[in-house]
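The values are calculated or read from the model by the stated rules, or taken from the named source; none is laboratory data. Bear in mind the structure is a predicted one, so any value in this text is a computation, not a measurement. Note: accessible area is taken over every heavy atom of the protein model, side chains too, but ligands, DNA and RNA are not part of it. Shrake-Rupley method; radii C 1.70, N 1.55, O 1.52, S 1.80 Å.
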Amino acid sequence: MNRYKDTMNKISADKKLIDKTLQRLEQPNKRRYYVPVLAVCMLMMVFFLPINKTQAETYISLDINPSIQIVVDKNDKVIDVVAYNEDGEQLLCDTDYRDHNYLDVCKDLLTNKLGHYTDNGYLVVAISNKHHNNDAYLQSLQNIMNEYYIRGNVTECDPGIIDDATKHHMSIGKYNESQILMGYDDTITIEDCHNMSIHEIHNEIAKHHSESNSHHGKHHE
């Protein structure tokens, strides 16, 4: 029996499943039937249960009207792409970017999928790395925007906003812009921002920023 227990203990699986299998193996008259079952279970566990869970390291959001967020692991491979509105869902339809390098994915999205949006729109790219290692991502995305003359800005976000943004079903970029706008106008709520496009939020921020500078200038005249 110990050899079965030792074998099962080496498998990454649900404890209840392991215990149940061991109990059945303890019955001598049924052992000959369950040894093949054990072998099958072991193979299934090896092929279908992840040994090491992939961890999200970096979040990159692209907001112009489609709102899209790319989740990247420590090896710069894409592990998920999330759409936060209907336009984003349509854009990602029948597309699977998982396991591709984040830069290839961003370039394809910016130059192909989002091409007609970037011709006349303003793109907000936001980046958040959980270790605050944003510089390489900021530079690489800015280079793409410069190369293809995409109008917009690239900014970094504190990783502390990721959970709040997810809770409100917003990309980190849109959530960050919403926080800036609400800082200017306390009558605006996060729900209001959720129903606004990134273009509307950006324009409101620009308007408040301009008014703030105007008042500041008059104060010093």
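Worth a mention:
- Carbon + sulfur, % of accessible area of the stretch 58-178 - ligands and nucleic acids excluded, 1.4 Å: 40
- Whole-Å distance, taken between Cα centres, linking the stretch 66-135 and the stretch 140-204: 14
- Radius ratio Rg over Rh of the stretch 101-141, counting only Cα atoms, Kirkwood formula for Rh: 1.02
- Across the alpha-carbon set of the stretch 100-221, the Rg to Rh ratio works out to 1.01, Rh being the Kirkwood radius.
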